[in-house]
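First the structure, in the form of structure tokens, and then the observations on it.
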Amino acid sequence: MTQDQQLFHSRRGFLLASAGLTLASCAKDGAETDAAIKMEAKTFKMGERAVVGLLTYNVLEASYVSQLGDAGQSKIPQDRYLVIRLAITNGGPKEMELPLFRLADASGTEFGEVQDAIFLKGWLGIVRKIGPTQTEEGRILFDVKPKVYKLIVTDGGETGKEQMGFVDIPIDFDTAEPVPTGGQIAPKP
């Protein structure tokens, strides 16, 4: 191999190595950016006003059901349906479009919304546009195992750069007084 050929091959190797490091750095930065967004996100309790950017979310109720619809046209979930009723207010000066919602469990696994929930009364739909200073109320649907989740809410910004928040969705939604069993009388608090 001549000296010119050796120089060419060493330059080509250097360029390939540089390109590989640049790509690896970009991938790492993207992952770090996503992780940084999630680390900065605030967690809210169900019923609290969750302000994320110009949007305000309020999760009004959540319940698990084993089926939806009438007996003749019922839809059965793979696990259980989690129906979440919420209100979203756009505090900004222009119309905003919302992406589909996601849930995250304690291990960080994310679950997407059921996209064909036309059978759900009050469903927010797939295309969600909220006008300036408007509030939309409706229901969203997930097919998940009953456990504690966090609803991921965003400011509606560009994917990967949006502000995020979490709303705790507890598994025990029963706030009623304890029901006595076996003929016992429940003690007065």
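Any residue at all in segment 126-142 that's in the same structural domain as residue 59 (by TED's automatic domain parsing), free of Cβ contacts under 8 Å to residues at least 60 places away in the same chain, in contact with a Leu (Cβ under 6 Å, 6 or more places away or on another chain) and in a loop (DSSP other than H, G, I, E, B)?
No, that holds for no residue.
Can you say whether residue 158 is in a strand (DSSP E or B) and surrounded by fewer than 17 Cβ atoms within 10 Å (Cβ to Cβ), as far as the supplied structure shows? Can you show your working first?
Numbers: in a strand (DSSP E or B): no; surrounded by fewer than 17 Cβ atoms within 10 Å (Cβ to Cβ): yes.
No, not satisfied.
Go through 142, 173, 119 for me and flag whichever is closer than 19 Å to residue 61 by Cβ, surrounded by 11 or more Cβ atoms within 10 Å (Cβ to Cβ), modelled with pLDDT of 90 or more and among the aromatic types (Phe, Trp, Tyr). Talk me through it step by step, then tell me what you get.
Values: 173 fails: modelled with pLDDT of 90 or more; 119 fails: modelled with pLDDT of 90 or more.
Only one candidate passes the filter, namely 142.
Looking at 82, 103, which one is in contact with a Pro (Cβ under 8 Å, 6 or more places away or on another chain), surrounded by 11 or more Cβ atoms within 10 Å (Cβ to Cβ), modelled with pLDDT of 95 or more and of a type in the set (A, V, I, L, M)?
Of the residues listed, the single one that is in contact with a Pro (Cβ under 8 Å, 6 or more places away or on another chain), surrounded by 11 or more Cβ atoms within 10 Å (Cβ to Cβ), modelled with pLDDT of 95 or more and of a type in the set (A, V, I, L, M) is 82.
Given (1) within 22 Å of residue 44 (Cα to Cα); (2) not in a strand (DSSP E or B), identify the lone condition not met by residue 116.
(1)
Mind checking whether some residue in segment 39-50 is in a helix (DSSP H, G or I) and either modelled with pLDDT of 50 or more or touching a helix residue (DSSP H, G or I) at 6+ places or on another chain (Cβ under 8 Å) (or both)? Working first, answer last.
Keep residues of segment 39-50 that are in a helix (DSSP H, G or I), which gives 39-40.
Next, only the ones that are either modelled with pLDDT of 50 or more or touching a helix residue (DSSP H, G or I) at 6+ places or on another chain (Cβ under 8 Å) (or both) stay: 40.
Within segment 39-50, one or more residues are in a helix (DSSP H, G or I) and either modelled with pLDDT of 50 or more or touching a helix residue (DSSP H, G or I) at 6+ places or on another chain (Cβ under 8 Å) (or both).
The values are calculated or read from the model by the stated rules, or taken from the named source; none is laboratory data. A quick note: this is a predicted structure, and the numbers were derived from the prediction, not measured. Heads up, the Cβs are rebuilt from the backbone with ideal geometry, glycines too, and the neighbour counts pull from every protein chain shown.
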